[in-house]
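Report on one structure; see the data block that follows.
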Amino acid sequence: MKEITYLEAIKEAMDEEMTRDSSVFILGEDVGVYGGAFRATEGFIEKYGEWRVLDTPLSESGFTGAAIGSALVGMRPIVEMQFADFISCAFDQLVNVAAKNHYRWGASTPIVVRAPYGGNIHGGPYHSQSIEGFFFNVPGLKIVAPSTAYDAKGLLKAAIRDNDPVIYCEHKYLYRRIKDSVPEEDYIVPIGKARIAVEGNDVSIITYGAMVHTALEAARELKERGVSCEIIDLRTILPLDKKSILNTVKKTNKVVVLHEQTKTGGVGAEVSAIISEYCFEYLDGPIVRVAAPDTPVPYSAQMEEAFIPQPKDVISAVEKLNRY
Amino acid sequence: MKEITYLEAIKEAMDEEMTRDSSVFILGEDVGVYGGAFRATEGFIEKYGEWRVLDTPLSESGFTGAAIGSALVGMRPIVEMQFADFISCAFDQLVNVAAKNHYRWGASTPIVVRAPYGGNIHGGPYHSQSIEGFFFNVPGLKIVAPSTAYDAKGLLKAAIRDNDPVIYCEHKYLYRRIKDSVPEEDYIVPIGKARIAVEGNDVSIITYGAMVHTALEAARELKERGVSCEIIDLRTILPLDKKSILNTVKKTNKVVVLHEQTKTGGVGAEVSAIISEYCFEYLDGPIVRVAAPDTPVPYSAQMEEAFIPQPKDVISAVEKLNRY
Amino acid sequence: MDIKREDLLQLYYYLKLTRRLEDRVTSLYHQGRILGGAWTSNGTEAVSVGYGYALEKNDIAAPYFRDMGVFLIRGISAKRIIAQYLGKKTGVTGGKEGNVHVGDLNFGVLGFPSHLSDNYPVGAGAALAFKMRGEKRIVAACTGDGGTSRGDFHEGMNFAAVRKLPIVFICNNNQYAYTTPLKLQMAIKDIAERALAYGIPSKIVDGNNVVAVYMAAREAYEIARNGGGPTFIECKTMRMHGHSEHDSAKYVPRELLEEWKKKDPILHMEKHLMENTIARKEELDGIDLRVKKEIEEAESFAEESPYPSPEDGLKGLYATPVEEE
Amino acid sequence: MDIKREDLLQLYYYLKLTRRLEDRVTSLYHQGRILGGAWTSNGTEAVSVGYGYALEKNDIAAPYFRDMGVFLIRGISAKRIIAQYLGKKTGVTGGKEGNVHVGDLNFGVLGFPSHLSDNYPVGAGAALAFKMRGEKRIVAACTGDGGTSRGDFHEGMNFAAVRKLPIVFICNNNQYAYTTPLKLQMAIKDIAERALAYGIPSKIVDGNNVVAVYMAAREAYEIARNGGGPTFIECKTMRMHGHSEHDSAKYVPRELLEEWKKKDPILHMEKHLMENTIARKEELDGIDLRVKKEIEEAESFAEESPYPSPEDGLKGLYATPVEEE
Ligand SMILES: Cc1ncc(C[n+]2csc(CCOP(=O)(O)OP(=O)(O)O)c2C)c(N)n1
Ligand SMILES: Cc1ncc(C[n+]2csc(CCOP(=O)(O)OP(=O)(O)O)c2C)c(N)n1
Ligand SMILES: [Mg+2]
Ligand SMILES: [Mg+2]
């Protein structure tokens, strides 16, 4: 085992997969000479050449479409969005081409779209968005969102090897802020499987991405106050791991769903709906959502901090629920 | 009062608003000489001229962007998507320009995007999509989806007069299939207000769009079997009318949420989450969702019929819940 | 470059096959036997037949919906196409899709996504793969005049130009996008001018002359195959039916249709073959008979085929399904 | 067309104001006093100052993020801009947005949406409104070389051409899109060639010569104002800082920067003014002093301004909020 950052994990996953499989390549804005806006592909062009690490013209729809076309004839492209926010420009290709190819005419489209997403970095409305909501109601896509270096590496490898289009939500805030252990040897984290980040008995906190760390902080504090939280890290958002969700509810009977995405129409709504549809009788209280308010992500620190769910918000939700 | 079809209602709303307010105009593919693929603007170019009824090049992002720009300087454009499915090409302009203008820099963007949506017309994967899910997690947009001619007219008028970007989901299946009474005089249906389509006591069916008629059919049958359903027609999807949702739950204590949109990440998830968050204690059973399966909309009649929720699906959901 | 007699006869055969197949589809539509809409390429068949026939076996076509000739030439049979229209399980997509929203990798045809010009970047991506892997394969991607106004046209063309990809872009300029005439779509005379924005060389050909389309495509394919990068080929033609079979195309001036009727691509080819004594009337009639029979058989096949089951619609979402435990 | 002495001095003033303001922002960034990123137009100021100054009061600018000159000329004050960078309540957007993602209809400036070239169609729409209403107003929309590869560039240009709208499209060709040089962005020599695809006349101007940009813009605005339709103006210049202030631009050859340093737009203008005895050194120094003071005041204003409250972020989503009962 070795300790690496979340960003290093992403980098290693790509590097190892490119070495392993010559059909894996990368394209996007400034991924070549510069190594990408966040330096996830630093050194890659030297190692793999400019035909496996392609600096593209500024045209998200064009290069996403090109990735799809290459995948249809046997390649495994990794598309880097410079910021997840710009994925909006490739929406049509992802939703109407990539997502529907297999259902419509049986063609598999093994592309990974890396989407550096999320706030807390003072990026303002256009460099902080959580974009999973754009694609959450689109059958045919898969969406993953790792919260640890271990998962970042394992899920990216799984995504690259997967035969379907995967949107890989990598949280910018975590890039250099977290570090954890990954094995020296090859491994993957399977798509579609949540994990129990912390076991507990009183209340479940179901979350993903950077909010896992917010949940952990809240849980530590709550533990001191005598409340035992179980934290479920969804890891895969589409399709959701229903079984893990239901299991934790059956155990704790009380649920807080937490995400950085805005509340209305967020992933939390689906998690909540699954619970009240499939294990209503296990619920000992309302399903509480802690999520960002329904606005764009504001720039100023004061407003952004209020926008992003904080440990204190989780704590008060859990305590209220625990008293229910 | 007079009886008109859903399509006539849409037509009348535009016609009356264009007469009333010279800043209202229409643009889109084939809306001029042809009067639009569904003939919603038939005769308009003769009446209002080619500068108020603009046939555009085939470029959804371009003409949606142009609509936004015109709105910023005082116009009230109505954008017609030929089929709602093509709105994916204008996604970026809607989500990153229109939706955020007011929050970011205080500029109001009064545009209406008419989206002829929905299945049951053998249109296959690209001419049958429900697109509300694309926009449901996007703060700053409003989404409406009328189910009657009365609401189609009143909501379209309200949308045109509204100062925010409104996505107007008009269900293609209803165009010529339903007819109801509208007043002779000017009226609007306010955005953000659901209506009780049918009062009842045993189970609430919360729905919108074409599914309101499916719910009505199911409710008639259920009534004969002695089950009294209350049907809530949401009418506005974003933002949801929380109060109406909670009121009906408080009354019946049992809820089926019904929509044609695919299940995962659909509007029904949010409705369910609102209920279990804000009136959990009123619930006498699980919140059941009846929705399309998570696939594209298939073409063949056999598969499409299985895809679209049918009265029998609603009936069995209600009966199961009623027995709970 | 010249063209063999048997190729000329094959071109004729495919023109006829396309025409008769789509005429049959039109009849079926008007008999109410097709579930959804029906779009045909009537009057413009030489475009898809010409560029499709010029492809080699391992090449890839990224067509659009008026490219029936391409589907047939590549090997997607008339049987499967009529079955597709009827929503049968034996249709190209097993009933998931209707009409020409199809593709089949077994025959090197990328699926057409309804959204026009989406296949320009997608086609460029396939060409990119060929270039990366050093394969001598090329891609032909097609769209309509209307489609050239879309952003994906721009982004796809530009990407292919910058990377000098082995792709040839075809445009079926049939003068209308649904009801919208060229002058409301663009302020240029020839669509070929669009290619100037990318440094892509272009050609304008008579889209009703199948040999001209074929020769232009073959030449461009050779350039692409040998590392010379993309070409844009504008095929000037005229849509002779409505946009789809429900549309009577009243908005098209009758004189325009009269004028183009005389230039019908099949008549044109027949004249070419007979005047140059390449084939006699009887031989062509023989081909036509073969075509007729083929379509009849295809229709019977389609009619007799079963419908998919309701459950079939639930299958096939993912290539790698995520197991629920 | 000629240009008045006072206009020349104003152009000089705005060049200086833009430079000093952005230099100040750069310092603040390196002092860690700016929350997010900082993008400047260093070396290319003549583009935004030139095209911005040529606009008339009722015209509309649809700028992009290297158009500081436009913001200032239209009347968005240096005070509000520095406050914006610092995330203050007195910033152009009250803290909702940072840096140059701003707009203000009071000054005829459409907000810049980060997504490059989105403002081409949006600008065309404003021009459409002017044309529909018979107003003699025009729009100037700007994007970078990188932005010209986007679909919205294509769709916006084409729409404006077809409807002959009163809009002038400007391109700041500073030779790089972030780190990507022109040759990886397009296979043409001049970006002006892109305009050929739409039948839009184009001009190439020295983007470091503010008078040349101004004159080209004024001329194109006149044409647009009088019903002559759009023009595309390519301003050739060179980005002298990194993409943003965190980027040292190592990927740009030093010689290129050396070469362009000599062509600095402010030096160029100073030379022009002095050699043609339009202004003496002292007068220019006087202007510079005024600018310096203005920036100092702006900074003090910004520093002393309050931050928004956390609740401010919850306000302003809708123009017409939906009441919850
Ligand atoms: C992006 C997009 N918008 C709208 C449509 C609806 N539509 C289908 S065909 C068509 C006209 C196409 O015109 P053109 O590209 O000239 O092809 P043609 O039908 O003339 O062969 C339109 C608008 C579409 N398919 N894709
Ligand atoms: C659609 C889109 N994709 C990506 C970005 C991220 N981005 C910001 S600036 C930039 C480079 C812009 O280059 P150019 O248009 O030449 O403008 P310049 O910065 O050189 O002035 C990129 C890729 C963006 N703003 N918009
Ligand atoms: Mg056409
Ligand atoms: Mg640039």
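Only the coordinates and a few stated rules stand behind these numbers; no lab work does. Treat the numbers as computed from the prediction; the structure is a model and nothing was measured. Don't worry about glycine lacking a Cβ; one is built from the backbone with ideal geometry, like all the others, and counts go over all protein chains shown.
Amide H to amide H distances under 5 Å link residue D:89 with D:307, where only residues 5 or more positions off or on other chains count and H is placed in the peptide plane. Each DSSP beta bridge with both residues in the protein assembly as shown is either parallel or antiparallel, and the antiparallel ones are about 20%. So what is the diffusion coefficient of the protein assembly as shown in µm² per second by Stokes-Einstein at 10 °C and 1.306 mPa s, using a Kirkwood Rh over Cα pairs? Estimated diffusion coefficient is 50 µm²/s. In a DSSP loop and with at most 13 other Cβ atoms within 10 Å, the GluC sites (Glu not before Pro) in segment C:1-82 are C:56.
Footprinting exposure proxy ranking of A:187, D:214, fewest other C-beta atoms within 10 angstrom first, gives A:187, D:214. Against the longest alpha carbon principal axis of chain A, how many degrees, from 0 to 90 and to the nearest 10, is the axis of helix A:6-20 turned? Roughly 40 degrees between the two axes. Taking amide H atoms as placed 1.01 Å from N in the peptide plane, the amide H of residue B:261 lies under 5 Å from those of B:292, each 5 or more residues away in sequence or on another chain.
For chain B, the share of DSSP beta bridges that are antiparallel, to the nearest 5, is 20%.
Each Cα pair under 8 Å and six or more residues apart adds its sequence gap; the mean of these over the residue count of chain A is a relative contact order of 17 percent.
How many angstrom lie between the Cα centre of segment A:119-165 and the Cα centre of segment A:225-271? One Cα centre to the other: 17 Å.
Could you state the orientation-averaged shadow area of the convex hull built on the Cα atoms of segment D:170-310, in nm² to one decimal?
13.7
Full extension of the chain between residue A:19 and residue A:187 gives 59.0 nm of extra length, using 0.36 nm per residue less the Cα-Cα distance. Using every pair of distinct Cα positions in segment A:242-324, the Kirkwood expression returns a hydrodynamic radius of 13.5 angstrom. Each part gets one Cα centre, and for segment B:6-78 versus segment A:282-305 those centres are 38 Å apart. Each other copy places its own label point for residue B:22 at 6.9 nm from this one, sorted shortest first, where the point lies 7 Å along the Cα-to-beta carbon line.
Given the pairs B:11/C:88; D:16/D:57; A:312/D:315; A:142/A:263; B:193/D:131; D:96/D:261, which are separated by over 26 angstrom at their Cα positions? Can you show the working numbers first?
Numbers: B:11/C:88 37 Å; D:16/D:57 22 Å; A:312/D:315 22 Å; A:142/A:263 21 Å; B:193/D:131 37 Å; D:96/D:261 36 Å.
Over 26 Å Cα-Cα: B:11/C:88; B:193/D:131; D:96/D:261.
Here r is the Cβ-Cβ distance between residue A:221 and residue D:300 and R0 is 41 Å; the resulting FRET efficiency, rounded to 0.05, is 0.50. Charged neighbours of residue B:138, selected by a Cβ distance under 11 Å, balance to 0 (K, R count +1; D, E count -1). For chain C, the share of alpha carbon pairs falling in successive 20 Å distance bins from zero is 33, 59, 9, 0 percent.
If the label point is 7 Å along Cα→Cβ of residue A:176, which residues in segment D:92-123 have backbone nitrogen under 13 Å from it? Counting only backbone N, you get no residues.
Beta bridges per DSSP, both residues in chain D: antiparallel share near 10 percent. Between this copy and the others, label points of residue A:187 are 6.5 nm apart in ascending order, each placed 7 angstrom from Cα in the Cβ direction.
Between residue D:189 and residue D:255, what is 0.36 nm times their sequence separation minus the Cα-Cα distance? Round to one decimal in nm.
Details: separation 66, 0.36 × 66 = 23.76 nm, distance 2.04 nm.
Between residue D:189 and residue D:255, full extension yields an extra 21.7 nm.
For chain D, the relative contact order comes to 23 percent (Cα pairs under 8 Å, sequence separation of at least 6).
How many percent of the alpha carbon pairs in segment A:20-124 exceed a separation of 25 Å? Working shown, then result.
Working: 1079 of 5460 pairs.
Tail of the P(r) past 25 Å holds 20 percent of the pairs.
For residue A:178, nonlocal amide neighbours, meaning residues 5 or more places apart or on other chains whose placed amide H falls under 5 Å from its own, are A:6. For chain C, the membrane-span-like helix rule (DSSP H, alpha carbon extent of at least 20 Å along the helix axis, mean Kyte-Doolittle at least -1.0) picks out C:5-30, C:119-133, C:210-225; this says nothing about an actual membrane. Dipole magnitude for segment A:147-220: computed about the Cα centre from +1 point charges on Lys and Arg Cβ and -1 point charges on Asp and Glu Cβ, it is near 260 debye. Cβ crowding within 10 Å ranks A:234, D:182 as D:182, A:234, fewest other Cβ atoms first. Computing FRET efficiency as 1/(1 + (r/R0)^6) for residue C:222 and residue A:324, where r is the C-beta to C-beta distance and R0 is 60 Å, gives about 0.20. Shown is the FRET efficiency for residue D:315 and residue D:31, computed with R0 = 41 Å from the Cβ-Cβ distance and rounded to the nearest 0.05: 0.85. Applying a DSSP loop filter and a limit of 12 other Cβ atoms within 10 Å to the trypsin sites (Lys or Arg not before Pro) in segment C:181-213 leaves C:189. 3J(HN,Hα) along segment A:82-96: 5, 10, 4, 3, 7, 5, 4, 6, 9, 4, 4, 4, 6, 7, 9 Hz, from the Karplus curve 6.51 cos²θ - 1.76 cosθ + 1.60 with θ = phi - 60°, whole Hz, x for Gly and Pro.
Which order do the peptides B:164-170, B:192-198 take when ranked by the mean count of other beta-carbon atoms within 10 Å per residue, highest first?
Values: B:164-170: 28.4, B:192-198: 18.9.
Highest mean packing first, the order is B:164-170, B:192-198.
Ranked by Cβ crowding within 10 angstrom, fewest neighbours first, how are D:112, B:136, B:38 ordered? Walk me through the numbers before you get to the answer.
Working: D:112 30, B:136 27, B:38 19.
Lowest to highest Cβ neighbour count: B:38, B:136, D:112.
Pair-distance distribution P(r) for chain B, from all Cα-Cα distances in 10 Å bins starting at 0: 6, 27, 35, 22, 8, 1, 0 percent.
Does segment C:1-134 come out rounded, prolate or oblate, given a ≥ b ≥ c as the square roots of the eigenvalues of its C-alpha gyration tensor, rounded meaning a/c under 1.5 and, failing that, prolate meaning a/b above b/c? It is oblate, given that a/c is not under 1.5 and a/b is not larger than b/c.
The tail of the calculated P(r) for segment B:2-182 beyond 23 Å holds 34 percent of all Cα-Cα pairs.
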